[in-house]
Every structure is written in structure tokens, then in C-alpha cells.
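Report on the structure given below.
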Amino acid sequence: MPAITNHMPTAELQALDAAHHMHPFTTGADLAKKGARVITRAKGVTLTDSEGNQILDGMAGLWCVNLGYGREELAEVAARQIRELPFYNTFFQTTHVPAIALASKLAELAPGDLNHVFYAGSGSEANDTNIRMVRTYWAEKGKATKSILIARWNGYHGSSMGSGSLGGMTGIHSQGGLPIPDIHHIGQPDWWAEGGDMTPEEFGLMRARELETAIEHLGANRVAAFIAEPIQGAGGVIVPPSTYWPEIQRICDKHEILLIADEVITGFGRTGNWFGSQTLDIRPHIMTVAKGLSSGYQPIGASIVCDEVAEVIAGTEFNHGYTYCGHPVAAAVALENLRILEEENILAHVRDVAGPHLKAKWEALTDHPLVGEARIVGLMGSIALTPHKESRAKFASDSGTVGLMCRERCFANNLVMRHVGDRMVISPPLVIRPEEIDTLAERARKALDETYAALKAQDMLKAA
Ligand SMILES: *Cc1c(COP(=O)(O)O)cnc(C)c1O
């Protein structure tokens, strides 16, 4: 088969993109002036753009291409499934083999009694399902007043009305009338930015206890569930202090609050185990998954639900579902993705090879004058940029100004590294090899050097 090549000059593609394509989380007018970078192909951990640049993808697409690009097996499975059964629904008392096989596989991989799968097309959709499912669960138990979901400021759970409400991103809340009713937010366990004079352990406990305070304030008879990412991703790869999750778990147990772990990023090997809940020793009632479930080759998400909740939901008609719930092509690709993760021992690669190698390189960046803390679990990591390490100071410039400069220097050095405010984050494909990690770290350091030089030249190395 011939390759799908780009026959148009980059400028023409950019002009058409600017004229007709509305980008997510983007100021369209600014992008139109600049022109979007056109990615044309990818292999392994390397992207190629329309100008022929070879860029190391330190973000695995958008936290999802865990197996890396160009896996023939996934293409084969998709083609075979399209020929055999491209679509059928699961609404009308019908099912199909890919949906069955993937649900059984997820039940096998998921910890504890998380044995039931409700499919979605994305992480946002799965979290919308979770809102309705936990509220329905309590209503069916005769406790309809338990409708509030507690979540965290700077958490990310998607950008639909429901999932965007669960998230604690003020930029999302400020557009379109979010949050929906009965969502409550507590503080995040970001010690670097918010821990003040406390030790990380003290701060972790303090932030976890905000959950208990909120439950007591709202009334346990009003609270349905707490949702959180085991490790915040889009919020800047915030690794919570060690005291945080045990205390959260204790509080959820004590007050009989359902616990939802949003594993959309942390699932499927990112932290070195199948799920972040295992790495952080959390016992959720529901896990949200998407992204790495299919390594991004097909759009698919799911809620993986414990026996107790599934049993109660099974007792009523749950008036909820998406046309593409359990889409056969997406499910078949996800299943093949899981098979490869297992067969190629990719979790062991993350735990024993890539993880420790990246951790050493990543933590070594703290000797750079711009880098405060460096945090990493498995293959998700972040560094905090700061004008003054000892006081953990923020820059005088608006949050994100320095981060954006650094991201642009990364791109100029053929590395995709994202910024969240003035934190830089990475989440490379899980298959990344040690020599590719060396390249990632070299390019990151070069970008930091160039950012530092630019800040100095522009007299921007000032604390707020
Ligand atoms: C990306 C993400 C989502 C949303 O998933 P979409 O597929 O973009 O809708 C939800 N939760 C977390 C933790 C995520 O990182």
C-alpha cells in the first residue's frame, strides 16, 4: 500500500487549517498567525513534521501512545475487525466479541473486585458516566441525597460539562456555565507550589484532611463520591506526598464515600504497574480509563466498576450510553494493545529499565539553575522552573510565561515537552529505550540552558 503522503506545501496546509479547523484549548486567532505544526508520520518515539523535522515525542502524543507509533499488529487488528464487524451497538440486548473479550480482560487486570466495565468513547465520557452512576447507585440504595461529588482544584477529568465540572481548572469553569450542581472542590496536594513552611508529609496530611472537613461540612449524607487522579497529570504531574493517599483512603472508608480513581493517564503501565492505584496503594470503587487503553490508536474509554456498585446498577435500567460504547474496532485494538503490553513485558521495562534510567537523568536536572524540584513516578515526570530554588519562588511574570518559553526551546531542539504553568512535564511512550532517554535528557537540558539565557537577557529571572 502506498504511504499517505502530503502533497501540499506546509504553508498551504497551515492556511487551510487556520481557515477551517478549530483547535481544542487554543486561541485560534493567535495560532492562525503563527501556523500549526503539521505532523505527518511517526515511528517508535519519533514524530516527523511536514518540514521533515524528526521530533522526539516526550508526551506520547497526549499521554496515550504508550506502545509508541507504527505498531503493525494494531493496524492489522483494526483492518480485520473492520472487515468482520465494523460496528454494532450494545444497547438492544446485543453484544459482540471484542466488547466481551476486552471487558473480561480488564476485569482480569484490574485489582480487587473491579470486575465490570461500562464503555465510553473517551475519558471525559467515562467520567460523565461515573457522575451519573454513583448518583444512581446511592438513589437505588434509598439515599438519593448523596449526590455531591468531591474533586480537587487543578485536577483534570476531561472537558465535557460533567467531567469539566469535576476537574478543578478555573479556565474551564469560566466558560459555558460550569460547574454543574453538586460538585465540590478541595485543595490539591502540590507541596512545591502550596506547601509553605510545612514538610511535604505534614502538607499531604493537611490536604487529605480537607476531604474530611468537606464531608463533615456538607454532611456525609450528601456526599456520593470523591474523585481524583492517583497522580495529577494535566495539572502538572503533581506527585502527592507519601502521607496523602493513605489518609484519603481512611477518610473514604470511614465516611462510606465511593472512591473514583481517574486512571486515564496512570493506567496501563505508566507508573510501572497496571494501574496507579496499585503503585499508590489505593482501593477505588471505580476506575476511569482511556488514553493508554488503546495506546491512542483508537478512541476508547471505560469505567471499571466494583461488584457492589455494578450489582446495584444492574437492578435498575441505567438510562445512559453512547452510540460507540464498546465500539468493536476500538475494543479489538485495545485488546491487542493489552496483549502486546503483556507479551513484551512492557511493565517490567518501565519498572526496571526505562523508569530508573529516566529517573536518574531527570533528577540530575535539579543541578540546573532554573530547576527546583524534579518529580517522577514510572514514566511520568515534571520539573518546577523557578527563579529561586531555596524559597520555591514563582516568577514575577504571569504563570506560564517561562514555561511556554521553555516549551518553544524544546520544540526548537526537536523535543516535545509540555508546560503546565511554569512546570515542564514529560510522559514518553513506555517503550522508550535508554539511548532515546539520553537524547530526551540532553535536549531538555539544552532547552533549559537556552531558556535561562533568554530570561537573563530579558531580565526576567525575577521572583514574584
Ligand atoms: C485526558 C484525561 C481525561 C479526559 O480524557 P479525554 O479522552 O480527553 O476525554 C480524563 N481524566 C484524566 C486524568 C485525563 O488525563
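The values are calculated or read from the model by the stated rules, or taken from the named source; none is laboratory data. On a predicted model such as this, the values are computed, not experimentally measured, just so you know. FYI the Cβ positions are ideal-geometry reconstructions off the backbone, even for glycines, and counts take in every protein chain you see. Just the protein is used for accessible areas: all its heavy atoms, side chains included, with ligands, DNA and RNA removed. Shrake-Rupley method; radii C 1.70, N 1.55, O 1.52, S 1.80 Å.
Worth pointing out:
- Nearest-20 debye value, region 73-343 charge dipole, Cβ charges on Lys, Arg, Asp, Glu: 540 debye
- Relative contact order, whole percent, for the chain stands at 19, derived from Cα pairs under 8 Å and 6 or more residues apart.
- Prolate/oblate/rounded label for the chain (Cα gyration tensor, a/c 1.5): oblate
- Within region 73-343, percent of DSSP bridges classed antiparallel, to nearest 5: 45 percent
- Carbon + sulfur, % of accessible area of the chain - ligands and nucleic acids excluded, 1.4 Å: 54 percent
- Taken over region 73-343, lysine pairs spaced eight or more positions apart, or on distinct chains, with alpha carbons under 24 Å apart number 4.
- Of the chymotrypsin sites (Phe, Trp or Tyr not before Pro) in region 278-382, those whose Cβ has at most 11 other Cβ within 10 Å and which sit in DSSP loop: none
- For region 73-343: accessible area per residue (Å², 1.4 Å): 38 Å²
- Label-zone membership for region 75-109, site T323, 7 angstrom Cα→C-beta point, backbone N under 17 Å: 86-92
- Listed pairs K359/K446; K389/K462; K361/K389; K389/K456; K33/K456 exceeding 21 Å between Cα atoms: K33/K456
- Loop-located GluC sites (Glu not before Pro) across region 266-354 with a Cβ neighbour count of 15 or fewer within 10 Å are E317, E344, with loop assigned by DSSP.
- Within the shell of other residues whose beta carbon sits under 12 angstrom from the beta carbon of F318, the net charge comes to 0, with Lys and Arg scored +1 and Asp and Glu -1.
- Cα centroid separation - region 140-187 against region 73-108, whole Å: 32 Å
- Each 10 Å bin, from zero up to the one with the longest distance, holds this percent of the alpha carbon pairs of region 73-343: 7, 30, 36, 20, 6, 1, 0.
- When nucleic acids and ligands are ignored and a 1.4 Å probe is applied, S391 ends up with an accessible area of around 70 Å².
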